1. Enumerate the whole-percent occupancy of each 10 Å bin, from 0 to the last occupied one, for all C-alpha pair distances of segment B:278-318.
2. Shape of chain A from its Cα gyration tensor (a ≥ b ≥ c, root eigenvalues): rounded if a/c is under 1.5, otherwise prolate when a/b > b/c, or oblate?
3. Just tell me which aspartates and glutamates come within less than 17 Å, Cα to Cα, of B:LYS74; anything on the same chain fewer than 8 places away is out.
4. Counting only helical runs of four or more DSSP H residues, what would the 222 nm mean residue ellipticity of chain A come to if each run contributes -39,500 (n - 2.57) and the total is spread over all its residues?
5. Please identify which residues in segment B:238-273 have an amide N closer than 17 Å to a label point set 7 Å out from the Cα of B:ARG200, following the Cα→Cβ vector.
6. Would you compute, for the Cα atoms of segment B:7-307, the largest minus smallest coordinate along each principal axis and list the three values in descending order, in whole Å?
7. For segment A:124-272, what is one quarter of the convex hull surface built on the Cα atoms, given in nm²?
8. Just checking the output field for A:288-294: average partner chain Cβ neighbours within 10 Å of each residue's Cβ?
Amino acid sequence: MSFAPAGFITVRRVALAITFALLLTLPFWVGNSYYINISSQILLYAVFALALNVLVGYGGLVSLGHAGLFAIAGYTAALLLDAGHGHFVADVAAIVVTLAASAVFAVLALRSTGIGFLMITLALGQIVWGIAYRWASLTNGDNGLKITTRPSPFGLSLNGAPAFYYTTLLVFVVALVTMILFVRSPLGASLRGTRDQPRRMNALGYNVWLIRFFAFLFSGFWTAVSGLLFIYYNQFISPPIAALQTSAETLLMVISGGTATLLGPIAGAAILVIMKNVVSSYIERWNLVLGIIFVLIITFMPEGLVPGVTRLWRKGWSTLRGRKPEPEARKTGGHGS
Amino acid sequence: MLRYIGFEEARLLAISSFAYGGLLFLLSSGFSLIFGLMRIPNLMHGSFFMLGAYFGVSMLEKGLTTDALKAIPKIGGAFNFLPSFTILPPNFFLIAIISGLLVAGIGALVERYLLRRLNGQELPQVLLTLGLSFVIADLCLMIWTGDPWQPATPAELRGVVQFGTLFFPLYRVAIIGIAVVIAVALWLMVDWTRLGAMIRAGVDDPQIARVCGIKVSQLFTLVFALGAGLAAFGGVVGAPYLSVYPGLDADMLPLALIVVILGGTGSLLGALVGSFLIGLLYNFGQAMVPDLSYVILFLPMLLVLVLRPQGLFGRSIP
């Protein structure tokens, strides 16, 4: 990913073009299907992290219940496929059901902001976990559900690693473009407004609640899409997907990369997926490592990795050209106000 | 889906419900104090409960001796150089208290050296405690393995107790008694002692309280340690009943959360009522609608959120 400073448009564009070209040709130079699959994982988690970032970064609303929405999409599709429905029906239904669940989550959680919002989403996420785990007659409990086939749009089979990678890449690019459009749209701007100055926005006549509600639905939509990618990737879903741990990992992707940036969650997803795969192949103690990373990032790099690296880059660039580094603009974080 | 239960079963369920509620109170009263008074969203509260329970089961095996250290799985070997030395015989409640004190010490360290640096920043505090809870969960899995541990009920509390013509398991009645005693003690402390007044002053206006000579910072460490200790004490007391297993922390944390949202943050009475309510729902739900028992637990919380967001006994904060 590129860490070019915002001021140097050409550098940034060249870097983005190179990155995109690399992503597009990835299966050819990587070769090994194991690594292609890890790249698919990174992209699908990046979609999930981008979706969560809409709320965490731009809305200042930290949700710990998104694993619940992710799992609702996965379970709905898996159950419908199990019942003999086609992929198209199952996927559309999964997105609709997840959007409905997002609306319920939003109505309940948006009664509060800040820590109240977090606690309520956490509890709602646990309800989904409870259904997945305990309502065994519906969800097959701990044993989970298998999905036997991947869809084959226009007769193209998605069974091979490269084919699935390109599907994920396509979805990822669409997600990224809609995120860019969302952030630049009036709705995105007013969402940031409600994050920084909810009272002023209210006084200006904006419906703060409704703006947040729409942001939640937008986030829920992309969470559903990433949930679908996830079940088609794994062809299996079980209750731990809905657990707090998944929400926490995704939140760590958003935060370690840097909230309220579009590159941050993507970088965070890449870092976490790679680390999870590397760590898990050496030791069983992924949770321990995850917890320690959490503590270290919070204690030493609270701004996240991408803003941190960008700051260092800018400082280095300015020093190289013999200028005094510009003073860091005071940024209002996602949790400020 | 719905299973009907008879009177005899309902009676036993009721006593179990109140015992479970008592345990929930030990867990959530500390959570409520920390969250309500100090505004720290402590997501490692379930970990304190589990850690206390694990300390308890290890000490219960051998009593309070150096042998207990050696009996800790995996890392116990490091203590083999110590001579066998007994401080106290294995007494259940003494061990519960010592376990509570140990975890209170850990809580104090976490508050003092990690949470204190993030004073007033709620999101980083959430993430820090969440991260620590993962670390503790994995360390416990490493040390005490994945098998569940269930200590025996203390000998003097086995058997049944008779009220009129009805018999109740003695240990469950004892848990209810302990919870009520602690509830009263906490209420007296917060509302009627100088210490409680100082804590309330420190919460309402830390700067003026400091000017008046109250050491607010130390008080907050104390409250955090107290909450952690109570949870750990509850963990040991609950161990013969719930047993101790990996994932106990993740099972208990949402319960503490719903109790506190239900009862109102910072309200001890709310925590008490909420605990018994959730205890009843949990036990009757499991007997009557086993598939949905976990989901039913959250219904009163959702109702309260919609109808009375500050909780049943919470002050509405402007």
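The values are calculated or read from the model by the stated rules, or taken from the named source; none is laboratory data. The structure presented is a predicted model; accordingly, all values stated were derived computationally and were not measured. So basically every Cβ, Gly included, is an ideal-geometry build from the backbone, and we count neighbours across all protein chains shown. Accessible surface is based on the protein model in full, side chains and every heavy atom, while ligands, DNA and RNA are left aside. Shrake-Rupley method; radii C 1.70, N 1.55, O 1.52, S 1.80 Å.
1. In whole percents, the pair-distance histogram is 30, 39, 24, 7, 0.
2. Since a/c reaches 1.5 but b/c is at least a/b, the shape of chain A is classed as oblate.
3. Reachable aspartates and glutamates: A:GLU284, B:GLU61, B:ASP138, B:ASP147.
4. My calculation for chain A gives -24000 deg cm²/dmol from helical runs alone.
5. Inside the label zone: B:265-271.
6. 58, 56, 35
7. 11.0
8. Taking all residues of A:288-294 together, the mean is 6.
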